[in-house]
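Engineer: The structure is given below, and queries will be raised subsequently.
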Amino acid sequence: MKKFTIALIIALPTIALPMISAAAADVVNNRQQAFSSIEEVSKQVDSELNNSDVDWLKVGELSDMLVEHGDVLNASFAEGDTGGKAKKEIWSKPEKFNQLMLQMNQGFSELYQASVEQDLSSAEQGLDSVNNTCKGCHRTYRSRW
C-alpha cells in the first residue's frame, strides 16, 4: 500500500500538470479567438455602415455577435489565466484594464442599440468607441512578443 501511495504521489503531478497546462492553453486560445472575431466582425460592421443602404438587420446580428464576444472576454481574464500576448499588468493592476473592457462592452451595446433604432450616427459612434478602446488597450496591455 505504501508503494502504491508513493507511486501515486509521484505520478499525479505528471498527469495533472499537462491537464492544467492544456486548460490554460484553451483559455488563451478562446481569448485570442474572441479578439480575432471582434476584429473581423467590427470590419464587417464598418463596411455595412458605409453602404448607402445599410442592412440594419445584418448590423444588429453582427452587433449581437460582438456583445457575445465581449462576454467571452470578460470571463477570459480571470486571475491565473495568464499567457498569450497579454502583459502581466492585466492581473497585477486590473483596474484600468477592467475599465477599458467595460468601455468596449458599452460600445458594443451602443452599437447594438443603434442598430435597433437604425441610427447611423449612433452606430458609427459606438463602433468608433470600440475601436478607440481596442487601440488603447493594445498599447497598454498587449506584449509585442
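The values are calculated or read from the model by the stated rules, or taken from the named source; none is laboratory data. Only a predicted model underlies this, so the values are computations on that prediction, with no experimental measurement involved. Because the Cβ atoms are built from the backbone with ideal geometry, glycine has one as well, and the counts that use them run over all protein chains shown.
Engineer: Could you give me the residue pairs with C-beta distances under 6 Å whose first residue belongs to the stretch 118-130 and is on the phi > 0 side of the Ramachandran plot, whose second residue is assigned to a helix (DSSP H, G or I) wherever it lies, and which are 6+ apart or on separate chains?
Structural biologist: Taking only residues 6 or more apart or on different chains, the pairs are Q118/W56.
Engineer: From the residues in the stretch 41-76 that are exposed (fewer than 14 other Cβ atoms within 10 Å of the Cβ) and small (G, A, S), which one is nearest to N98 (Cα to Cα)?
Structural biologist: Per the stated criteria, the residue is A75.
Engineer: Within the stretch 101-110, can you find the residues that are surrounded by 14 or more Cβ atoms within 10 Å (Cβ to Cβ) and without any contact (Cβ under 8 Å) to a residue 40 or more places away in the chain?
Structural biologist: M101, Q103, M104, N105, Q106, G107, E110
Engineer: Which one is modelled with the lowest pLDDT among residues in the stretch 63-88 that are out of contact with any Ser or Thr (no Cβ under 8 Å at 6 or more places or on another chain) and under 26 Å from A123 (Cα atoms)?
Structural biologist: For the stretch 63-88, the residue satisfying everything is A75.
Engineer: Based on what the data block shows, is K96 more than 17 Å from V41 (Cβ to Cβ), among the charged types (D, E, K, R) and surrounded by 15 or more Cβ atoms within 10 Å (Cβ to Cβ)?
Structural biologist: Considered against the rule, which asks whether it is more than 17 Å from V41 (Cβ to Cβ), among the charged types (D, E, K, R) and surrounded by 15 or more Cβ atoms within 10 Å (Cβ to Cβ), K96 comes out as no.
Engineer: Hey, another quick one. Restricting attention to the stretch 111-132, which residues are surrounded by fewer than 20 Cβ atoms within 10 Å (Cβ to Cβ) and either among the charged types (D, E, K, R) or within 16 Å of the chain's Cα centre (by Cα) (or both)?
Structural biologist: Correct list: E117, D119, E124, D128, S129, N131, N132.
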